[in-house]
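Enquirer: Once you've had a glance at the structure underneath, I'll fire off some questions.
The values are calculated or read from the model by the stated rules, or taken from the named source; none is laboratory data. Given the structure is predicted, the values throughout are model-derived calculations rather than measurements. Counting neighbours? That spans all protein chains shown, and the Cβs are built from the backbone with ideal geometry, glycine included.
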């Protein structure tokens, strides 16, 4: 197929420029008219005139997807057809990757494919829970309700992730500040006193000698330090991507006192919320657990839910593997068991999610409250050592002058 550049006017009277693939100019014009565009000019593109498409857009965030779901629901409930709603959303979506995916989804739907199957062709854009919820909504005739639940799920997940990220930003910033302060003092401030220290008749204190040695080492081997730090960071990132690394850091997050509560409660909240949303939409439990396992960021929780999926397939109640894995808090499997016995598991899971959403927020606040003074004390200690290394020889010199 040839690529044709076009200039056209849309329904709103705005001029649009772009490109379209077609077998001929005539077919290109037909495709543009089908998109409700008034064609102004169409011409085949060559190597010099072909549009260069550099995709610099990032992956759509949960917030982007939740906004899409909300707008889609509002349009369809107002009487707009699904295809027209998709066209309008394509035009107003700012994220480039999401916009491109929605355009392809709309094209597939025009060929007769369902919305869920079209979304499934872009697993890196649309999460599994969204695809399955849409499929359940299409089967039950309640697509708008399913998308409304997906939007709520994405918004709450986004809020939880934002809380966790917020807890990490402050210590990271302080660590960077500490590193910058140390480097500035060792490379620029301490050397200013080196000449004066050499003129002293007495030996320098061991602390001052050590700091000066560190300053000389950094100035002489700074490029090697950067290479080593970069190599270590790359090695950690590579190791974290392996199965052994995922298990190591996953276990560390579960066992480390500072973050284990936050890790466990975040997993419980995410599991309960996603399970409740899927089951309320009519997704079978085995399939729902399988989808939930793919959303877990910690590999240990992921494998625990995969094992639960297999046991549920054999007729074991969901609460049993949740208790056997030893990862989830007792309230999770106790309330799940009550929900199974009463036949209201969706409501119980929803209440669990609400409870652990609040627990996650409290865990984040507790973590920040504990880390702030600890990091400040460490930073003050580092700066204090550097200042002491400068003041120690001066004090020694003053003592020598007083003895004269």
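Enquirer: Assess whether residue 59 counts as being assigned to a helix (DSSP H, G or I) and either farther than 22 Å from residue 152 by Cα or modelled with pLDDT under 80 (or both).
Expert: No.
Enquirer: Please state which one of 258, 253, 240, 220 is farther than 20 Å from residue 309 by Cα and outside any helix (DSSP H, G or I).
Expert: 258
Enquirer: Out of (1) crowded, with 21+ Cβ neighbours inside 10 Å; (2) farther than 21 Å from residue 128 by Cβ, the odd one out for residue 329 is which?
Expert: For residue 329, the failing item is (1).
Enquirer: So, one more: Take residues that are modelled with pLDDT under 85 and tell me which of the helices (runs of 4 or more DSSP H) falling wholly in the stretch 267-375 contain 2 or more.
Expert: 285-295
Enquirer: If only one of 70, 156 is in contact with a helix residue (DSSP H, G or I) (Cβ under 9 Å, 6 or more places away or on another chain) and more than 22 Å from residue 285 (Cα to Cα), which one is it?
Expert: 70
Enquirer: Name the residue that is nearest to residue 283 (Cα to Cα), counting only residues in the stretch 100-121 that are crowded, with 17+ Cβ neighbours inside 10 Å and out of contact with any helix residue (DSSP H, G or I) (no Cβ under 6 Å at 6 or more places or on another chain).
Expert: Of everything passing the filter in the stretch 100-121, 101 is nearest to residue 283 (Cα to Cα).
Enquirer: A further question follows. Can you say whether residue 345 is within 30 Å of residue 211 (Cα to Cα) and either buried (at least 19 other Cβ atoms within 10 Å of the Cβ) or within 26 Å of the chain's Cα centre (by Cα) (or both), as far as the supplied structure shows?
Expert: Here the answer is no, as residue 345 does not meet what is asked.
Enquirer: Look at the stretch 129-148 and say how many of its residues are over 18 Å from residue 108 (Cβ atoms) and surrounded by fewer than 21 Cβ atoms within 10 Å (Cβ to Cβ).
Expert: 7
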